[in-house]
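To keep things clear, I will list the structure first and then write my remarks on it.
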Amino acid sequence: MREAPIGVFDSGVGGLTVLKALAAELPREHFVYLGDTARLPYGTKSPETVARYAVQAAEALSEYGVKCLVIACNTASSVGLPAIRARVSAMPVVGVIEPGAEAACAASKSGHIAVIATEGTVRGGAYQEAILRLRGRARVIALPTQLFVALAEEGLYEGPIAESVARHYLDPLFHHSKVGDPHASPDTLVLGCTHFPMLTGAIRATVGPAITIVDSAATTAKAVRDTLDRESLTRREGEGTTRFLATDSAERFARIGSRFLERPIDPEEVELVDL
């Protein structure tokens, strides 16, 4: 079972930031990545629709004999995790929200935490619930920042356009407090969408150096490593491989995904599948 791959899925290419973190954390592991590119974005769809799509993606990956499933999509994690765990109960399932919430609670000194995410993730309230479950007296602000998704996919995640959009969303949240009042603004910011690590530079330029930024991709990779170790599923030898699956447009997946993964993806590497 240790030789079996880890399954990773997202609505599109955003989850490749999670895959990149996973490959860095677990370089000996094999991965099968599924991007449901025919039905993206998940972030603006109803919870019922997202849960149905997520279960279908999980079942498709289970056919590849995966030993662990990673939901590399905040929206799918927020509404589909219980249904997925019920349907593929024979393997551990790790979402991106719980690790991100744990890291935010550990990092925040004031207990005032901001979450930026898609409309669907914010509306579902999963981050808010997860943070308050861990730290009951925390103050949580969740803000939909949908334009960040488009900027990441269009390659506009650096420079004046990205910084202008970051200021539009984040200035009111982080730069309205009175001088000397450390509790008026959040001290921790959770990147609650797998696209958003691409915009870390623009976000950092806006919020300043004192704010702790929590990248859910990195925290999820550590959670997966801990899960594999606990279940005695960690692959100890050899070099890991990656297999790419998409539900539409192998060329677009490869072109945009190369930026997210920070290595070239050939369209011929991408297998089209039907969910």
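With a sphere of radius 9 Å drawn around the Cβ of Ser110, what net charge do the other residues whose Cβ falls strictly inside it have (Lys, Arg +1; Asp, Glu -1)?
Details: positive: Lys109, Arg139; negative: Asp187.
Here the count lands on +1.
Are there any trypsin sites (Lys or Arg not before Pro) in the stretch 86-148 that are in a DSSP loop and have at most 11 other Cβ atoms within 10 Å? List them by number.
Working: sites: Arg87, Lys109, Arg123, Arg133, Arg135, Arg137, Arg139; in loops: Lys109, Arg135, Arg137.
Listed in order of number, the matching sites are Lys109, Arg137.
Using a simple charge model, +1 on the beta-carbon of Lys and Arg, -1 on the beta-carbon of Asp and Glu, nothing else, what dipole does the chain show about its Cα centre, in debye to the nearest 20?
On the way: 28 positive and 33 negative charges, 190 e Å.
For this selection, approximately 920 debye.
So what is the relative contact order of the chain, in percent, for Cα pairs below 8 Å that sit 6 or more residues apart? Spell out each step's value before the answer.
Details: 553 pairs, mean separation 74.0, N = 275.
The normalised contact order for the chain reaches 27 percent.
With point charges of +1 on the Cβ of Lys and Arg and -1 on the Cβ of Asp and Glu, referenced to the Cα centre of the chain, which listed residue (Leu19, Met1, Leu173) lies farthest in the positive direction of the dipole?
It is Leu173, whose Cα lies furthest towards the positive end.
As a test of the formula, what do you get for the chain when each DSSP H run with n ≥ 4 contributes -39,500 (n - 2.57) and the sum is divided by the residue count, at 222 nm and rounded to the nearest 500 deg cm²/dmol? Before the final figure, lay out the partial values.
Working: 11 runs with 123 residues, N = 275.
Result for the chain: -13500 deg cm²/dmol, rounded to the nearest 500.
Identify the GluC sites (Glu not before Pro) of the stretch 68-175 meeting these criteria: DSSP loop state and at most 15 other C-beta atoms within 10 Å of the C-beta.
Values: sites: Glu102, Glu119, Glu129, Glu153, Glu154, Glu158, Glu163; in loops: Glu154, Glu158.
When the GluC sites (Glu not before Pro) of the stretch 68-175 are filtered for loop state and at most 15 Cβ neighbours within 10 Å, Glu154, Glu158 remain.
So what's the gap between the Cα centers of the stretch 195-257 and the stretch 1-35, to the nearest angstrom?
Comparing the Cα centres of the stretch 195-257 and the stretch 1-35, I get a distance of 8 Å.
Can you sort Cys73, Cys68, Cys193 by how many other beta carbons sit within 10 Å, fewest first? Let's see the in-between values first.
Numbers: Cys73 35, Cys68 21, Cys193 31.
In increasing order of surrounding Cβ atoms, one gets Cys68, Cys193, Cys73.
Given +1 on the Cβ of Lys and Arg, -1 on the Cβ of Asp and Glu, and no further charges, what dipole in debye does the stretch 1-106 carry about its Cα centre, rounded to the nearest 20? Numbers along the way, then the final one.
On the way: 9 positive and 10 negative charges, 20 e Å.
Dipole size: approximately 100 debye.
Only four residue types carry charge here, +1 at the Cβ of Lys and Arg and -1 at the Cβ of Asp and Glu. Report the dipole size of the stretch 66-145 about the Cα centre in Debye, rounded to the nearest 20. The partial results should precede the final answer.
Values: 9 positive and 4 negative charges, 37 e Å.
Charge dipole, the stretch 66-145, about its Cα centre: 180 debye, nearest 20.
If you filter the stretch 1-84 for GluC sites (Glu not before Pro), then keep DSSP loop positions with at most 13 other Cβ within 10 Å, what is left?
Working: sites: Glu3, Glu25, Glu29, Glu48, Glu59, Glu63; in loops: Glu3, Glu29, Glu63.
Listed in order of number, the matching sites are Glu3, Glu63.
Taken together, the values in this text are just the output of simple stated rules run on the coordinates, not laboratory data. The structure presented is a predicted model; accordingly, all values stated were derived computationally and were not measured. For neighbour counting, all protein chains shown are included, and Cβ atoms are generated from backbone atoms with ideal geometry for every residue, glycine included.
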